[in-house]
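Remarks on the structure that follows.
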Amino acid sequence: MRKRSFILLTFLVVSTVIAYLVYQEFFTSEDIYLKIEKNYYVSFNSKFVNLTIKLYGLTEGGKNITLEVFDGNSLVNSTNLFLTIGIKAVSFRLPYSIRNPLLKIRWDGKLKTIGIELNDKTIVRVEGRHIVLVIKKRNFDLFKDPLDWIRKLDMAYEAYAELVGDVPYNGAKIVIEEVDKYPGGWAVAGNPIKWYSPYIPDAIKQVNEGDWLFGILHEIGHDFDLDYRWVWNAEFSANFKMVYVAEKLKAKIKEYGVWYDYSDPNGKTLDDFYAMMAAKTGETNVLKDWLRHNDAATDKFLKVKNMIGWEPFKKTYRAWLNLSSDEIPKTPEGKLNLFVYYLCVFSGKDLTQQFIEWGFPISSETVTKVREVLGSQP
């Protein structure tokens, strides 16, 4: 009875694990449970089909198992293992060109042959230095040069890190994952960044035209807000930081059908885009809602950037990183005021009146503190 209960518990645990996994095939018998995970793998140095076989032993005593992978009648790879109660995993790297390999499992005089289907729904994992793209083969095949885009996103990652002084997720690679279920937007930040499948083909067409892709750069920008300690409006913060990336790397970005091309000395830039967005809402000179109208607020901060350069912003982000949790303001107004205070201190310029004229709620306390540090007069 105890043995049967253990076997049942093992099956339930295995079933629970499987509920969270996709893109795989299964085989069960009375004494083993086998799961196959498959994906294409592409990086700067290699490309192959990755096949991972996970075996779950369901009976005591153990058994010798042989796994063989065939491409047609040709043996590609094989291995032997001893399976007891528990889990063992074996991975095979198969030629990228292989189509529908066969897996043969031999144990206790038995033979099971499983056809492994690789099709346009099979996942492709494209791995860069910092960024990983996980996407269905049908969309991957739309790219002219997927690694060129991943290289650009790697560079963007490094530029974000240079701006804020740290990296998210303890340096783990950021995964951009195609998802079938609507994640709440065109794409949604996090790790993974969830990229909604119906939007991907049109986006790849833009990438093929040279677009670095505003939406993905934007979501990476969210990730570089780290624990959101300096964030009073997330969309503003992501978009503002993205301008640094575009400027530094001379990126080419298409938004609302217009190219913002930093590689062209006479081309439009995102400064022009946000000035246009501020004008559309009648906020060229004064903000109507400093907290929620993030495009118009971005326009104003870009004007400050043009006055003082990026270096005071770099120092400001690093000053925030050095704050203890008790020192971080808890309100949007508090965060704005501390951010502006740091900008003034690190640039050596009293910017408080300019922010007040634009409609930002700069407190009299901040004005006083800035003047005390800079020695400026009202």
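Scanning the range 126-153 for residues that are under 13 Å from the mean Cα position of the chain (by Cα) and surrounded by 16 or more Cβ atoms within 10 Å (Cβ to Cβ) turns up Val126, Glu127, Gly128, His130, Ile131, Val132, Leu133, Val134, Ile135, Ile150, Leu153. Of the helices (runs of 4 or more DSSP H) that lie entirely inside the range 191-266, those containing 3 or more residues that are among the β-branched types (Val, Ile, Thr) and touching a residue at least 12 places away in the same chain (Cβ under 8 Å) span 200-208. Applying the condition of being touching a helix residue (DSSP H, G or I) at 6+ places or on another chain (Cβ under 9 Å) and part of a loop (DSSP other than H, G, I, E, B) to the range 161-172 and asking which residue is nearest to Asp227 (Cα to Cα) yields Pro168.
Applying the criterion of being part of a strand (DSSP E or B) and free of Cβ contacts under 8 Å to residues at least 24 places away in the same chain to the residues of the range 43-77, the residue that is surrounded by the most Cβ atoms within 10 Å (Cβ to Cβ) is Asn77. Out of the residues in the range 267-276 that are outside any helix (DSSP H, G or I) and either in contact (Cβ under 8 Å) with a residue 12 or more places away in the chain or open to solvent by 30 Å² or more (accessible area, probe 1.4 Å) (or both), state the one that is nearest to Gly334 (Cα to Cα). Taking the candidates together, the pick is Thr269. When Glu311, Glu333 are checked against the criterion of being open to solvent by 20 Å² or more (accessible area, probe 1.4 Å), of a type in the set (Asp, Glu), in contact with a Pro (Cβ under 8 Å, 6 or more places away or on another chain) and under 22 Å from Val231 (Cβ atoms), a single residue qualifies: Glu333.
Checked against the criteria, Tyr40 counts as aromatic (Phe, Trp, Tyr), touching a residue at least 24 places away in the same chain (Cβ under 8 Å) and crowded, with 16+ Cβ neighbours inside 10 Å. The residues listed here are Asp295, Asp299, Asp326; of these, the one that is in contact with an Asp or Glu (Cβ under 9 Å, 6 or more places away or on another chain), in a helix (DSSP H, G or I), open to solvent by 10 Å² or more (accessible area, probe 1.4 Å) and among the acidic types (Asp, Glu) is Asp295. Residues that are of a type outside the set (Gly, Ala, Ser), in contact with a Gly (Cβ under 7 Å, 6 or more places away or on another chain) and within 30 Å of Gly72 (Cα to Cα) occur in the range 102-118; there is at least one.
Against the numbered list (1) buried (at least 16 other Cβ atoms within 10 Å of the Cβ); (2) in a helix (DSSP H, G or I); (3) hydrophobic (A, V, I, L, M, F, W, C), Ala279 comes up short only at (1). Based on what the data block shows, is Thr316 of a type in the set (S, T, N, Q) and either open to solvent by less than 30 Å² (accessible area, probe 1.4 Å) or touching a Ser or Thr at 6+ places or on another chain (Cβ under 8 Å) (or both)? So Thr316 fits the description; yes.
Taking the numbered list (1) closer than 15 Å to Trp230 by Cα; (2) touching a residue at least 40 places away in the same chain (Cβ under 8 Å) in turn, Lys300 passes all entries but (1). The residue list Leu103, Leu163, Leu142, Leu111 contains one member that is in contact (Cβ under 8 Å) with a residue 40 or more places away in the chain and in contact with a strand residue (DSSP E or B) (Cβ under 7 Å, 6 or more places away or on another chain), which is Leu103.
Taking the criterion of being among the hydrophobic types (A, V, I, L, M, F, W, C) and within 10 Å of the chain's Cα centre (by Cα), the residues of the range 198-223 that qualify are Ile216, Leu217, Ile220.
Considering the range 339-374, the residues that are in a helix (DSSP H, G or I), of a type in the set (A, V, I, L, M, F, W, C) and in contact (Cβ under 8 Å) with a residue 40 or more places away in the chain include one that is farthest from Val231 (Cα to Cα), namely Trp358. Would you say Gly128 is on the phi > 0 side of the Ramachandran plot, touching a residue at least 12 places away in the same chain (Cβ under 8 Å) and touching a helix residue (DSSP H, G or I) at 6+ places or on another chain (Cβ under 9 Å)? Here the answer is no, as Gly128 does not meet what is asked. Of all the residues that make up the range 111-160, how many are part of a strand (DSSP E or B) and not hydroxyl-bearing (Ser, Thr, Tyr)? Total satisfying the criteria: 15.
The condition (being over 17 Å from Phe240 (Cβ atoms) and either among the β-branched types (Val, Ile, Thr) or surrounded by 13 or more Cβ atoms within 10 Å (Cβ to Cβ) (or both)) is satisfied by just one residue among Val286, Val340, Val304: Val286.
The values are calculated or read from the model by the stated rules, or taken from the named source; none is laboratory data. From a predicted model like this one, the values you see are computed outputs, not experimental measurements. Reconstructed Cβ throughout: ideal geometry from the backbone, glycine too, with neighbour counts over all protein chains shown. Keep in mind that these areas ignore ligands, DNA and RNA; they rest on the heavy atoms of the full protein, side chains included. Shrake-Rupley method; radii C 1.70, N 1.55, O 1.52, S 1.80 Å.
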